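Data first, discussion second: the structure below is written as structure tokens.
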Amino acid sequence: MKITRNESGAIMLEATFCLIACIVVILMVMSFGFIVYQRAMMGIVANQVAEEVAVTYKLRTVTDSSDVSESDVVGVGKYRYFLYSQDFVDANYTKLSILAQTRLTKTSLANDEGGFDVSIERRADDVGRAHYTIVVTNKYSYLFEGIFSTLNIDAANTLNATSYVADTDILSYVNTKNTTDYIISKNPVSDLLDSVIGLVNTVINIFS
């Protein structure tokens, strides 16, 4: 008499293990996708903030680059970076913080855990030219991030995105040039300097 074994229980157990493993893998892939997406969005928002800086940094009363009027441009004032440098930093920090936080809120697929910050650094490259470094920082928690903790994987909750942009301020260049020309024209030594420079150029042309 041949005895047959009923292996349906073993098959069901194996199927359960495989199903659990597949679910864990799918959840890990989804979690990685959330992290990659959030990092990408941080970079995109940092670039958008940088574009806004390039257009509106010199217009401290303007809150949106799409709403710049002729009076805003006319009323920027001369020598503004020299006289009101901190006012520009404060005004731009406020409006760009609002812009970045609004964009991140609308596009985020993670839970905001606080720690939001935007830093703006302006460095003058030449007369009327400067570049800006913008850093956007925020802390997030993700769906199914407990899986990473179980596997001793750091989900890197605090994200940073850095963007760079250059800016040309024609009005600042014109003001600086006009001031320099005025000072030189009122200086009695300027004629002597022009004569010396002309003599040096003549000597160079003779021996070159």
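The values are calculated or read from the model by the stated rules, or taken from the named source; none is laboratory data. Quick caveat: nothing in here was measured; it's all calculated off a predicted structure. Every residue, glycine among them, receives a Cβ derived from its backbone with ideal geometry; neighbour counts consider all protein chains shown.
Side notes on the structure shown:
- The set of residues from segment 155-181 being surrounded by fewer than 12 Cβ atoms within 10 Å (Cβ to Cβ) and more than 30 Å from residue 32 (Cβ to Cβ) comprises 166, 170, 178, 180, 181.
- Summed over segment 115-146, residues that are of a type in the set (D, E, K, R), under 14 Å from residue 92 (Cβ atoms) and either outside the structural domain of residue 102 (by TED's automatic domain parsing) or modelled with pLDDT under 85 (or both) total 1.
- Scanning segment 99-117 for residues that are more than 20 Å from residue 31 (Cα to Cα) and of a type in the set (Val, Ile, Thr) gives a single hit, 102.
- Segment 46-95 - residue that is outside any helix (DSSP H, G or I) and among the basic types (Lys, Arg) and, of those, modelled with the highest pLDDT: 58
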